[in-house]
1. How many residues are out of contact with any helix residue (DSSP H, G or I) (no Cβ under 8 Å at 6 or more places or on another chain), without any contact (Cβ under 8 Å) to a residue 24 or more places away in the chain and either open to solvent by 20 Å² or more (accessible area, probe 1.4 Å) or of a type in the set (A, V, I, L, M) (or both) if we restrict to region 249-261?
2. Got a sec? Which of R192, R134 is outside any strand (DSSP E or B), modelled with pLDDT of 95 or more, surrounded by fewer than 17 Cβ atoms within 10 Å (Cβ to Cβ) and among the basic types (K, R)?
3. H67 passes all but one of (1) open to solvent by less than 10 Å² (accessible area, probe 1.4 Å); (2) over 18 Å from I191 (Cα atoms); which number fails?
4. Please list, ordered by residue number, the strands (runs of 3 or more DSSP E) wholly in region 1-104 having 2 or more residues that are closer than 27 Å to P218 by Cβ.
5. Within the set of pairs 6+ apart or on separate chains, which have a first residue in region 135-156 that is among the aliphatic types (A, V, I, L, M), a second that is open to solvent by 30 Å² or more (accessible area, probe 1.4 Å) and outside any loop (DSSP other than H, G, I, E, B), and C-beta atoms under 8 Å apart?
6. Quick one: would you say L186 is hydrophobic (A, V, I, L, M, F, W, C), open to solvent by 30 Å² or more (accessible area, probe 1.4 Å) and either assigned to a helix (DSSP H, G or I) or at pLDDT below 95 (or both)?
7. Out of curiosity, is T226 without any contact (Cβ under 8 Å) to a residue 60 or more places away in the chain, more than 24 Å from I130 (Cβ to Cβ) and hydroxyl-bearing (S, T, Y)?
Amino acid sequence: MKNFIDFKGEKLYCQVSGKGPAIVLLHGFLESGEIWKNFARRLSDSFRVITIDLPGHGLSKNTGKVHSMDEMAEAVRHVLKSLGVTACIMVGHSMGGYVTLAFAEKHPRLLKGFALFHSQAAADSPETRINRDRTIALIEKDHHGFIKNFIPDLFDPSNVKQFGKEIENLKDLAQATPKEGIIAALEGMKIRPDRQHVLLNSKLPVLFIIGKNDSRIPMEVIIPQTLLPWHSEILLLDHVGHMGFIEASSKTFAALRGFAERIFNIRNS
């Protein structure tokens with residue numbers, strides 16, 4: 001089922017499939033809910049799967065010049081309320097993980113657990129904030145050229161040739177993202193606060209999916225954070241960069257499904 005839901009005078013897009021306990025899948029920067037298409041199809045045999053295009057991405061409209069992680073989390077909350085979801089597992093890839101942490105801080109009672117898929121809880125370093133400003137300047141000048149170079153760098157170099165078709169599909173998806181949405185997301189990521197306290201204080205199980213060769217969020221940054229939650233599960237992947245749902249789809253899918261089945265006490269027949 002495809003839905004457009006009103007939020008702050010604009011439209012948010014989501015897709016819902018399957019029946020059962022709810023799993024919410026959030027995409028990352030320059031992506032949309034389409035990245036989860038294969039995962040959603042396979043999970044929908046046991047779960048109600050909800051994929052959401054975050055503001056300024058996919059078919060969802062911009063809601064402002066800055067899309068803070070808190071603003072995006074409230075957009076997600078609004079979608080879930082509209083769909084009647086009162087409990088779920090939330091999975092966030094990259095920027096979607098930042099949104100998931102903002103959601104977990106504000107609405108912990110709506111979560112049974114969450115997964116950070118190539119994501120982490122610390123704020124941007126001063127150097128990263130400077131780099132985001134440089135990226136915004138590049139996008140203002142030539143956002144199509146930026147996307148062409150950005151997408152392949154998300155993969156482990158040894159995987160670029162193997163996943164050439166998938167990289168081209170991701171480029172097409174990213175090229176459809178309006179310049180205003182790209183900049184609003186960068187501005188939002190730049191100002192996000194440190195949320196390591198969410199991991200430390202939460203009583204929810206947390207799944208970390210980590211690529212050993214992730215150039216965007218190095219495992220050295222994430223590994224110490226895996227020690228913070230009350231209950232952590234970790235999938236550490238060799239020869240994987242920032243795109244494990246493509247580079248190691250079977251392993252990452254199995255980890256997500258197993259995590260959800262344990263939380264919802266579903267026995268795999």
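The values are calculated or read from the model by the stated rules, or taken from the named source; none is laboratory data. In this text, all values refer to a predicted model and were calculated from it rather than measured experimentally. Here the Cβ is made from the backbone with ideal geometry for all residues, glycine too, and neighbour counts use every protein chain on show. Heavy atoms of the whole protein, side chains included, go into the accessibility calculation; ligands, DNA and RNA do not. Shrake-Rupley method; radii C 1.70, N 1.55, O 1.52, S 1.80 Å.
1. Count: 2.
2. R134
3. (2) is the only condition that H67 fails.
4. 22-26, 88-93
5. Correct list of pairs: I136/E187; L138/F146; I139/F146; I139/K179; I147/K171; I147/Q175; I151/K171.
6. Taking the combined requirement at face value, the residue does not satisfy it.
7. Here the answer is yes, as T226 does meet what is asked.
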